[in-house]
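First up is the structure itself, then whatever we jot down about it.
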Amino acid sequence: MRILFVGDIFGSAGRRIVREHLPHVVAERRVDLLVINAENAAGGFGITPAIAEDLFDLGAHVLTTGNHVWDKREIIEYMQSALEDSDGRARRLIRPANYVEGTPGYGVYEGELPNGQTYAVINLQGRVFMGSSDDPFRVADKLLEKIKAKVVLVDIHAEATSEKMAIGWYLDGRVTAVLGTHTHVPTADDRVLPGGTAYQTDVGMSGPYNSVIGVEKELVLQRFLTGMPGKFEAAKGDPRMAATLIECDGKTGRAISTQRLLLAE
């Protein structure tokens, strides 16, 4: 079984480069399961129902998010419309599972591919430098007690590399992959841990690399040089699609290999 995870889509440039590359990558790499982090897809901050629908049209099985999930308010009603036992599109857009109880939406999705292969996707958010949320370690424990699928992918949306690594080691042997998002810079530490879990600290941003993590350089430099507030805008130059391809044993859920992808125009 092959899983493709596409890193944080940032703005229109990110959507465009993903739209350009995704069809041929899925076909050439014989991808079975496609998961995309889309929390920055709308202008660099948040996601709208229309953009979510576009990404599902591209073949995404599940969309994950993170701390910017609520930046576009219209997404709240979209997520609230999902029924827990549904496999509809709104149900397959998930937010961090360790948000407080009562938060709109769901933090995990369990599905089945046309060939009968079952899978689960868990979205978690870190706590270091990220604000308040429940303990991602213990929330992961509780979710894994209930999940029946052997193939389980975890998107850990976190700031600190140490926290992401700790999650990776903590879940090694219990999930198929732990992939980091949020910091927008692809890391070169992709590997399969001893217990059979594929790991990467950050998959990277699918968006404009002629930028500061997706934002127009001049605006960020102005903030650093003057300390004055200003509105950030998504950049557009040098778009690239960052993704990670994982091959695993569908029967055991153990990862066999992992490969980084960074595709330019």
Counting helices only, and only those DSSP H runs with n ≥ 4, report the 222 nm mean residue ellipticity of the chain as the sum of -39,500 (n - 2.57) divided by its residues, in deg cm²/dmol to the nearest 500. -7500 deg cm²/dmol
Need the list of lysines near residue 142 for cross-linking: C-alpha distance under 17 angstrom, and skip anything on the same chain fewer than eight residues off. 150
Considering only DSSP states other than H, G, I, E and B, which chymotrypsin sites (Phe, Trp or Tyr not before Pro) in the stretch 182-248 qualify as loop sites with at most 14 other Cβ atoms within 10 Å? none
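So how do 45, 129 line up by other beta-carbon neighbours within 10 Å, fewest first?
On the way: 45 18, 129 9.
Taking fewest neighbouring Cβ atoms as first place, the list is 129, 45.
Kindly identify the stretch 33-182 as rounded, prolate or oblate by the Cα gyration tensor criterion: order the square roots of the eigenvalues as a ≥ b ≥ c, call it rounded if a/c is under 1.5, otherwise compare a/b with b/c, prolate if a/b is larger, else oblate.
Cα axes put the stretch 33-182 in the oblate bin.
Trypsin sites (Lys or Arg not before Pro), restricted to the stretch 10-102: which are DSSP loop and have at most 11 other Cβ atoms within 10 Å? Working shown, then result.
Details: sites: 15, 16, 19, 29, 30, 72, 73, 89, 91, 92; in loops: 29, 30, 72, 73, 89.
Those that pass, being in a loop and sparsely packed, are 30, 73.
In the chain, what % of DSSP beta bridges are antiparallel (nearest 5)? Don't skip to the answer; put the middle values down first.
Numbers: 25 of 51 bridges.
Beta bridges within the chain, antiparallel portion: roughly 50 percent.
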Among 70, 169, which comes first, then next, by fewest other beta-carbon atoms within 10 Å? 169, 70
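From Cα pairs below 8 angstrom and at least 6 apart in sequence, can you work out the relative contact order of the chain, rounded to a whole percent?
Values: 671 pairs, mean separation 52.6, N = 265.
In percent, rounded to a whole number, it is 20.
What net charge do the residues around residue 197 carry, taking every other residue with its C-beta under 11 Å from that of residue 197, with Lys and Arg at +1 and Asp and Glu at -1? Write out the running numbers ahead of the final one.
On the way: positive: 174, 191, 254; negative: 172.
With Lys, Arg at +1 and Asp, Glu at -1, the net is +2.
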What does the charge count near residue 48 come to, summing +1 for each Lys or Arg and -1 for each Asp or Glu among other residues with Cβ under 12 Å from its Cβ? -3
So how far apart, in nm, are the two label points at residue 251 and residue 142 if each is 7 Å from Cα heading toward Cβ? 3.5 nm
Can you give me the span-like helices of the chain, meaning DSSP H runs with 24 Å or more of Cα extent along the axis and Kyte-Doolittle mean at or above -0.5? 11-28
Gain in span if fully extended, residue 77 to residue 118, counting 0.36 nm per residue against the direct Cα distance: 11.9 nm
Cα gyration tensor shape of the chain, rounded if a/c is under 1.5, else prolate or oblate by comparing a/b with b/c: rounded
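With the cut-off at 24 Å, tell me which of the pairs 72/148; 72/164; 164/217; 72/231; 164/236 have Cα atoms farther apart than that. All intermediate terms of the calculation are to be shown ahead of the outcome.
On the way: 72/148 33 Å; 72/164 26 Å; 164/217 27 Å; 72/231 16 Å; 164/236 29 Å.
Pairs exceeding 24 Å: 72/148; 72/164; 164/217; 164/236.
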Sorting 256, 167, 100 by the position of each Cα along the dipole of the chain (Lys, Arg +1; Asp, Glu -1; all at Cβ), the one nearest the positive end of that ordering is 256
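Could you tell me whether the stretch 24-82 comes out rounded, prolate or oblate from its Cα gyration tensor? Rule is a ≥ b ≥ c as square roots of the eigenvalues, rounded for a/c under 1.5, then prolate if a/b exceeds b/c, otherwise oblate.
Working: a/c = 2.49, a/b = 1.98, b/c = 1.26.
Prolate.
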In whole angstrom, note down how far apart the Cα centers of the stretch 183-239 and the stretch 63-86 are. 23 Å
How much FRET efficiency would the formula 1/(1 + (r/R0)^6) give for residue 226 and residue 129, where r is the Cβ-Cβ distance and R0 is 35 Å, rounded to 0.05? 0.95
About the Cα centre, charge dipole magnitude for the stretch 111-171 (Lys/Arg +1, Asp/Glu -1 at Cβ), debye: 160 debye
Counting other Cβ atoms within 10 Å, which trypsin sites (Lys or Arg not before Pro) in the stretch 100-206 have at most 13 and lie in a DSSP loop? 148
Across 22, 221, 143, the residue with the highest GNM fluctuation in the chain (Cα network, 10 Å cutoff) is 221
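Place a +1 charge on the Cβ of each Lys and Arg in the chain and a -1 charge on the Cβ of each Asp and Glu, then give the dipole magnitude about the Cα centre in debye, rounded to the nearest 20.
Numbers: 29 positive and 35 negative charges, 57 e Å.
I would put it at about 280 debye.
A short reminder: the numbers here are calculations on the coordinates, not readings from a lab. Fair warning: this is a prediction, and the values are worked out from it, not measured in the lab. Positions of Cβ are generated from backbone atoms using ideal geometry, with glycine treated the same way; all protein chains shown enter the neighbour counts.
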